[in-house]
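Peer 1: Please read through the structure below; I'll follow up with questions.
Since every read-out is calculated from the coordinates, none of them should be taken as a lab result. This is a predicted model, so every value here is computed, not measured. Here the Cβ positions follow ideal geometry from the backbone for every residue, glycine too, while neighbour counts run over all protein chains shown.
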Amino acid sequence: MSEIASSSIAGTNSVYNYVMQSTARYLIIDAHSVIFAWPELRKLHARRSSLAREALLKQLRDYQDWTGVHVVAVFDGKGKKVEAISDPEEVQIFYSRSGQTADAIIERLASKYAKRFEITVATSDSMEAETVLACGAEWISPDGLRGLLANARGK
């Protein structure tokens, strides 16, 4: 059974609806953190940021398809408002608004949902890791994420 929760992201006035299943598992990715931690994605980003973004999202889509874990990728953005891109059964993608970091969105999601759902956050930011752990979410490093994706691929 699904539960629809409205959430105001990181103090913005925009309201987004999330469909979260009561036993669902979520993997939230600090996307730019992972892109800059993985040499192959960092190299693509140096050529064109969209190449790195798409390469990461492809791996995350595959992981979601193989495991059933819901994946949320959060990018630092430049727009005037938080943008959420999501199709049913697709990786949810968020872009923060200008002046706001992806960290703020990730921390908001962790604080709001970690007590009700199994949430793991992938980031290289140690302060963000401490915050999400304090909220009750799990944390993995970008290298840990690489291993998680490789293990899922091997199943």
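Peer 1: Calculate the spin-label point distance for GLU89 paired with ARG116, positioning each point 7 Å from the Cα along the beta-carbon direction, and give it in nanometres.
Peer 2: My value for the distance between the label points is 2.5 nm.
Peer 1: Apply the Karplus curve 6.51 cos²θ - 1.76 cosθ + 1.60, θ = phi - 60°, to the phi angles in the stretch 117-127 and return the couplings in whole Hz, x for Gly and Pro.
Peer 2: 9, 7, 10, 10, 10, 9, 7, 9, 7, 5, 5
Peer 1: Here's a follow-up. For the stretch 67-78, what does the Karplus curve 6.51 cos²θ - 1.76 cosθ + 1.60, with θ = phi - 60°, yield as ³J(HN,Hα) per residue in whole Hz, taken in order and with x for Gly and Pro?
Peer 2: In residue order, the calculated couplings are 10, x, 6, 6, 10, 10, 9, 10, 10, 6, x, 10 Hz.
Peer 1: Could you pull out every residue, at least 5 positions away or on a different chain, whose amide H is within less than 5 Å of the one on ILE28? Hs are placed 1.01 Å off N in the peptide plane, and Pro or chain starts have none.
Peer 2: For ILE28, the qualifying residues are VAL72, THR120, VAL121, ALA122.
Peer 1: So, one more: Filter the cross-link list LYS78/LYS115; LYS43/LYS112; LYS81/LYS112 down to pairs whose alpha-carbon distance in this structure exceeds 29 Å.
Peer 2: LYS78/LYS115; LYS43/LYS112
Peer 1: Subtract the Cα-Cα distance of ARG48 and ALA150 from 0.36 nm times their separation in residues, and report this length gain in nm to one decimal.
Peer 2: Additional length available on full extension: 34.2 nm.
Peer 1: To continue, here is another question. Highest mean first, how do 127-137, 46-56 rank when packing is the count of other Cβ atoms within 10 Å averaged over residues?
Peer 2: 127-137, 46-56
Peer 1: Using r as the Cβ-Cβ distance of TRP66 and SER98, and R0 as 41 Å, what FRET efficiency do you calculate, to the nearest 0.05?
Peer 2: 0.70
Peer 1: When Lys and Arg each count +1 and Asp and Glu each count -1, what net charge do the other residues less than 12 Å away from ALA37, Cβ to Cβ, add up to?
Peer 2: My count for the surroundings of ALA37 gives -2.
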